[in-house]
Amino acid sequence: MSRGRRLFLAAALLAALAVGLAYAAYQVSRARCFALAAPAVCRVATTEPVVALTFDDGPTPAGLDALLPELERRGVRATFFLVGAEAAERPDLVRRLVASGHEVGNHSWSHVRMIGRGRGFYDAEIHRTNQALRAAGAEPVLFRPPDGKKLLGLPLALRRHDLKMIMWTVEDPATRDPAAFAQAVTSQVRGGDIILLHPMYADPTARRALPMILGGLAAKGLRPVTVSELLAKAA
Ligand code: ZN
């Protein structure tokens with residue numbers, strides 16, 4: 001084999017390796033139930049008929065005004081993963097969640113993708129949010145990565161800050177019909193699952209679907225709890 005051909009093969013091999021590594025990193029970054037360096041909890045093995053109900057982003061008045069009365073009416077407590085910058089702007093809403101018995105988790109300060117940043121960036125995103133949440137009476141012990149993305153820096157930062165990384169099993173179905181949305185969630189969900197809904201911004205589908213989701217869970221004999229309550233029921 002000529003020297004030129006050997007060099008070509010070596011370069012091709014390295015390129016294939018780089019593509020493979022990039023692909024592997026991409027898959028790890030979006031895996032629901034796996035992360036490097038720290039556990040990523042996407043569901044909990046339990047013998048009890050419970051599921052965790054989680055709401056991401058905000059807080060916004062539209063989200064809380066729609067959700068809290070409905071949760072209260074059914075005696076349900078959920079986990080809200082809040083964006084630090086928004087929580088700092090609206091501490092009254094964080095206090096309202098805490099006063100209603102809901103769990104509040106950390107969802108980063110600025111909701112940017114938490115991949116490929118320096119250690120100080122992760123620490124600041126996490127710490128500032130914890131401070132804003134604590135100032136409003138919450139005691140965050142859980143973290144949900146924005147868009148569920150993580151690689152190595154974020155899990156290591158969560159270990160430094162003693163926060164558990166919470167992913168999910170079932171997420172907002174791709175429909176704007178509240179009844180179909182609720183049906184898709186409740187037909188998929190099993191005991192031990194973590195449900196993720198996005199009810200805080202302009203799209204009202206998740207807000208409108210919530211009463212039907214709660215009804216559907218009750219019909220299946222599944223009781224919604226907070227993530228920390230679900231974790232405590234691990235078999
Ligand atoms: Zn989010």
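The values are calculated or read from the model by the stated rules, or taken from the named source; none is laboratory data. Everything numeric here is computed off the predicted structure, so don't read it as measured data. Cβ sites come from the backbone with ideal geometry, for glycine too, and all protein chains shown count toward neighbours. For accessibility, only protein heavy atoms count, side chains too; no ligands or nucleic acids. Shrake-Rupley method; radii C 1.70, N 1.55, O 1.52, S 1.80 Å.
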Given (1) away from the ligand (no atom under 16 Å from the Cβ); (2) buried (at least 19 other Cβ atoms within 10 Å of the Cβ), identify the lone condition not met by Phe34. (2)
Any residue that is within 16 Å of the ligand (Cβ to nearest atom) and farther than 27 Å from Thr46 by Cα - is there at least one of those in the range 163-174? no
When the residues of the range 79-110 are narrowed to those that are charged (D, E, K, R) and under 20 Å from Leu197 (Cβ atoms), which ends up nearest to the ligand (Cβ to nearest atom)? Glu86
Looking only at the range 111-125, which residues are more than 15 Å from the ligand (Cβ to nearest atom) and hydrophobic (A, V, I, L, M, F, W, C)? Phe121, Ala124
Does Leu158 meet the test of being in contact (Cβ under 8 Å) with a residue 40 or more places away in the chain and assigned to a helix (DSSP H, G or I)? yes
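Conditions (1) out of contact with any Ser or Thr (no Cβ under 8 Å at 6 or more places or on another chain); (2) surrounded by 18 or more Cβ atoms within 10 Å (Cβ to Cβ); (3) of a type in the set (Lys, Arg); (4) in a helix (DSSP H, G or I), marked per residue:
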position	(1), (2), (3), (4)
Leu154	yes, yes, no, yes
Asp162	yes, no, no, no
Arg176	no, no, yes, no
Ala182	yes, yes, no, yes
Gly191	no, yes, no, no
Ile194	no, yes, no, no
Met200	no, yes, no, no
Ala206	yes, yes, no, yes
Ala209	yes, yes, no, yes
Where a residue in the range 74-86 is open to solvent by 10 Å² or more (accessible area, probe 1.4 Å) and its partner, wherever it lies, is assigned to a strand (DSSP E or B) and away from the ligand (no atom under 12 Å from the Cβ), with Cβ under 6 Å and at least six apart: Val76/Pro224
Identify the single condition in (1) in contact (Cβ under 8 Å) with a residue 24 or more places away in the chain; (2) farther than 17 Å from Ala136 by Cβ; (3) out of contact with any helix residue (DSSP H, G or I) (no Cβ under 7 Å at 6 or more places or on another chain) that Arg95 does not satisfy, given that it satisfies every other one. (2)
Only one of Ser187, Ser100 is out of contact with any strand residue (DSSP E or B) (no Cβ under 8 Å at 6 or more places or on another chain), exposed (fewer than 15 other Cβ atoms within 10 Å of the Cβ) and of a type in the set (S, T, N, Q). Can you tell me which? Ser187
Is one or more of the residues making up the range 118-139 polar (S, T, N, Q), surrounded by fewer than 17 Cβ atoms within 10 Å (Cβ to Cβ) and assigned to a loop (DSSP other than H, G, I, E, B)? no
Please determine, by comparing only the residues of the range 140-150 that are crowded, with 21+ Cβ neighbours inside 10 Å and hydrophobic (A, V, I, L, M, F, W, C), which one is farthest from the ligand (Cβ to nearest atom). Leu142
For the list (1) open to solvent by less than 40 Å² (accessible area, probe 1.4 Å); (2) over 21 Å from Leu196 (Cβ atoms), I need the number of the one condition that Val28 fails. (2)
Answer yes or no as to whether Leu68 is within 16 Å of the ligand (Cβ to nearest atom), open to solvent by less than 60 Å² (accessible area, probe 1.4 Å) and under 26 Å from His198 (Cβ atoms). no
Of all the helices (runs of 4 or more DSSP H) wholly in the range 38-99, which have at least 2 residues that are closer than 21 Å to Val189 by Cβ? 61-73
